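Student: One structure, as structure tokens, below. Some questions next.
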There are 2 protein chains.
Amino acid sequence: MNAFMRHEAEALSLSTPYLLFLGDIDQPSYAKTAFGLVDWAPDLCVGEWSTAEGAVSAGLARMDPAEARSRGARSLVIGVANPGGVIPDTWVAALVEALDAGLDIVSGLHRPLSSIPELEEAARRGGRRLVDIRVPPKNIPVGTGRKRSGKRVLTVGTDCALGKKYTAIALHRALLARGVDADFRATGQTGIMIAGKGIPMDAVISDFEAGAAEVLSPDAAADHWDVIEGQGSLFNPSFAAVSLGLLHGSQPDVFVVCHDPTRKEIIGVEGFPVPSVEEVIDLTMRLGSLTNPKIRCGGVSLNTSSFDEGEAARIMKAESDRLHGLPVADPMRGGRLFERLVDSCLA
Amino acid sequence: MNAFMRHEAEALSLSTPYLLFLGDIDQPSYAKTAFGLVDWAPDLCVGEWSTAEGAVSAGLARMDPAEARSRGARSLVIGVANPGGVIPDTWVAALVEALDAGLDIVSGLHRPLSSIPELEEAARRGGRRLVDIRVPPKNIPVGTGRKRSGKRVLTVGTDCALGKKYTAIALHRALLARGVDADFRATGQTGIMIAGKGIPMDAVISDFEAGAAEVLSPDAAADHWDVIEGQGSLFNPSFAAVSLGLLHGSQPDVFVVCHDPTRKEIIGVEGFPVPSVEEVIDLTMRLGSLTNPKIRCGGVSLNTSSFDEGEAARIMKAESDRLHGLPVADPMRGGRLFERLVDSCLA
């Protein structure tokens, strides 16, 4: 790596493993980040810590920052959101203790960590980092459209919040299990914490959206796969710009359409029906072919969490039949259908 | 307007008319902003001012800030870019003089005006504004996709930098000349200076791109037209995200495709051919119909500046014939063809 390259933009990179911070939160619904990390990245979670006796638990061993550091932890991750959106004084003292114990602080909260003088001072004192994962890396270049080496698969959706992140993580694990050299490329806050790296694509300035996606999945070996977490939907009137910049910059060879058959309307807006899987395939092919003319659909990831196993199997088969045999699977259920979807992506 | 509404995001609004500041620049190529303002908004330009005898002139009466203020000027616009990207000390003293004379400062330079302590101090002292038109308004909401009242026409392009701004300005003027109630909605720096208001769409965070376009062209009377300046191109691998967010949020009833027949490759990238006008019409119809199912193409604005009058006329006729009679005109040439394009937009 030469001096010039060191000045180029890189994805955020977190120091792992983590001590999960639960603050004084006593309602589990505010601790989704912590629970997601324990579910999806247990190897990254050394322990948990809270500032109050009645706080929620993520089921890990409770330990203070000094002990976590001695057990290998490198960052304290704020795994909860405060209902008022503020960081109370009791948290500040605890976070300073963590910095002084040698941990970075990682936060997905709205208020930047560096806006709190005590944290800024403690971080400087100990040479630790305050990492706001809502903040994209600096110096992101404008996209070039240049074809990069290596293979890429992107998860896209008929809507937001129906399984693009989980599908990408499950695909990544399936590739690793088969001995395929692969990286999970995270594009949202929780994904970045799980991966320990990534770029928050929704927080990037529009002019640099495609460029950020290019930085996220750089040139790689010819048989390497990047599994890229999708964002939004091309059919979402609020967020399609994010989805298109990510599609163009990712230049995927393969995409997987994520869909929830119980979702009828686009969430968060009024009067926009969820598009059909066929419409998403067709539009993704058309728009994605600008930067990768060989783009193809690997299959469908169906969120069947509302159904029992028998119903789910019937729905997946019916959907596959309707789509002329395209692989349809629920990664959360795994099994033969999911292996078939993985086969199709690698084909 | 109630208290709640006053807290909502609004487009940038500049205080007009302007004193154009030319600094010490002696090369006309660095004074494009000033020349563009004189060409397109002469009524907004009270005079010009420079800090050196050999500076370029925009052809206006030379006057200092105090005189400009007495003649009605309300802002000093920095009409030049410094080759090094810095604001030299001689400029700072001049800008402080303008603030003390009662003028706001308007800048499109990369470095924020507020990063210069002397300017910050002088602005506070006199209650004047430092307006960086690269900086979008705060509190832009997420797009809703809600259909708004009034009519909208958006200029789109086969590429960047081939006439979307000029086409929108010319359409706006033609509508006013016909007595149609209309606003020009600027989306780029020069357009914002010409209009005295607008939102720099390329500087908006991706998640809020469509929302910014919604703020830009709010509800209006049923027979009111917003003429919205397009940005980028859906076929540009660097900037399509900007174009799609602007398209979705603008929910145009009509779009005009801007094209330069001499342009063969997308500028700024390698290996991307300029799409055909038909491809742009087709994709704009398809993507735009998400937020306005009645979207239609009003015609084509052809940049014929490389051709003489006879050649231009032949090219425009051939293009219109090829497009089954769709109106094709060059707004810079005006005339009967352009009036036909305006008719088509209003139809």
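Student: Of all the residues that make up segment B:196-211, how many are out of contact with any strand residue (DSSP E or B) (no Cβ under 9 Å at 6 or more places or on another chain) and of a type outside the set (Phe, Trp, Tyr)?
Tutor: Qualifying residue count for the region: 5.
Student: Looking at segment B:181-190, which of the residues that are buried (at least 17 other Cβ atoms within 10 Å of the Cβ) and modelled with pLDDT of 95 or more is nearest to B:Arg333 (Cα to Cα)?
Tutor: B:Phe184
Student: Further question: Just one of the numbered conditions (1) more than 9 Å from chain A (Cβ to nearest Cβ); (2) over 17 Å from A:Leu234 (Cα atoms) is not true of B:Phe272; which one?
Tutor: Unmet for B:Phe272, out of (1) more than 9 Å from chain A (Cβ to nearest Cβ); (2) over 17 Å from A:Leu234 (Cα atoms): (1).
Student: OK, next. Kindly check whether there is at least one residue in segment A:162-174 that is more than 23 Å from A:Ala203 (Cβ to Cβ), assigned by TED's automatic domain parsing to the domain that holds A:Leu244 and surrounded by fewer than 22 Cβ atoms within 10 Å (Cβ to Cβ).
Tutor: Yes, segment A:162-174 contains a residue that is more than 23 Å from A:Ala203 (Cβ to Cβ), assigned by TED's automatic domain parsing to the domain that holds A:Leu244 and surrounded by fewer than 22 Cβ atoms within 10 Å (Cβ to Cβ).
Student: Here is a further query. Taking segment A:278-320 as the search range and keeping residues that are small (Gly, Ala, Ser) and surrounded by 17 or more Cβ atoms within 10 Å (Cβ to Cβ), which one is nearest to B:Ser243 (Cα to Cα)?
Tutor: Among those that are small (Gly, Ala, Ser) and surrounded by 17 or more Cβ atoms within 10 Å (Cβ to Cβ), it is A:Gly288.
Student: For segment B:321-337, how many residues meet the condition of being under 19 Å from B:Glu229 (Cα atoms) and buried (at least 23 other Cβ atoms within 10 Å of the Cβ)?
Tutor: 4
Student: Specify the residue that is farthest from the other protein chains (Cβ to nearest Cβ); the eligible residues are those in segment A:245-269 that are hydrophobic (A, V, I, L, M, F, W, C) and either more than 17 Å from the chain's Cα centre (by Cα) or farther than 27 Å from A:Gly150 by Cα (or both).
Tutor: A:Val254
Student: If you don't mind, there's one more thing I want to ask. Take segment B:286-318 and flag every residue that is out of contact with any helix residue (DSSP H, G or I) (no Cβ under 6 Å at 6 or more places or on another chain), away from every other protein chain (no Cβ under 14 Å) and in contact (Cβ under 8 Å) with a residue 60 or more places away in the chain.
Tutor: B:Asn303
For every residue, the table says whether it meets (1) more than 14 Å from chain A (Cβ to nearest Cβ); (2) part of a helix (DSSP H, G or I); (3) within 15 Å of B:Val153 (Cβ to Cβ).
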{"residue": "B:Leu175", "(1), (2), (3)": "yes, yes, yes"}
{"residue": "B:Val180", "(1), (2), (3)": "yes, no, yes"}
{"residue": "B:Asp183", "(1), (2), (3)": "yes, no, yes"}
{"residue": "B:Met193", "(1), (2), (3)": "yes, yes, no"}
{"residue": "B:Asp202", "(1), (2), (3)": "no, yes, no"}
{"residue": "B:Asp207", "(1), (2), (3)": "no, yes, no"}
{"residue": "B:Ala212", "(1), (2), (3)": "no, yes, no"}
{"residue": "B:Val215", "(1), (2), (3)": "no, yes, no"}
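Student: Continuing with this model, one more query. So, of the residues in segment B:221-243 that are of a type in the set (A, V, I, L, M) and crowded, with 24+ Cβ neighbours inside 10 Å, which turns out to be farthest from the other protein chains (Cβ to nearest Cβ)?
Tutor: That would be B:Val227.
Student: Considering segment A:217-248 alone, what residues qualify as being of a type in the set (Gly, Ala, Ser), part of a loop (DSSP other than H, G, I, E, B) and closer than 22 Å to A:Ala170 by Cβ?
Tutor: Of everything in segment A:217-248, those that are of a type in the set (Gly, Ala, Ser), part of a loop (DSSP other than H, G, I, E, B) and closer than 22 Å to A:Ala170 by Cβ turn out to be A:Ser217, A:Ala220, A:Gly230, A:Gly232, A:Ser233.
Student: Answer yes or no as to whether B:Ala210 is of a type outside the set (Asp, Glu), over 19 Å from B:Val256 (Cα atoms) and buried (at least 24 other Cβ atoms within 10 Å of the Cβ).
Tutor: yes
Student: Just a yes or no: is a residue in segment B:153-160 among the β-branched types (Val, Ile, Thr) and either assigned to a helix (DSSP H, G or I) or surrounded by fewer than 22 Cβ atoms within 10 Å (Cβ to Cβ) (or both)?
Tutor: The answer is no, given that none of the residues of segment B:153-160 is among the β-branched types (Val, Ile, Thr) and either assigned to a helix (DSSP H, G or I) or surrounded by fewer than 22 Cβ atoms within 10 Å (Cβ to Cβ) (or both).
The values are calculated or read from the model by the stated rules, or taken from the named source; none is laboratory data. These numbers were taken from a predicted model, which means no experiment stands behind them. A quick note on method: Cβ atoms are made from the backbone with ideal geometry, for glycine too, and the neighbour counts reach across all protein chains shown.
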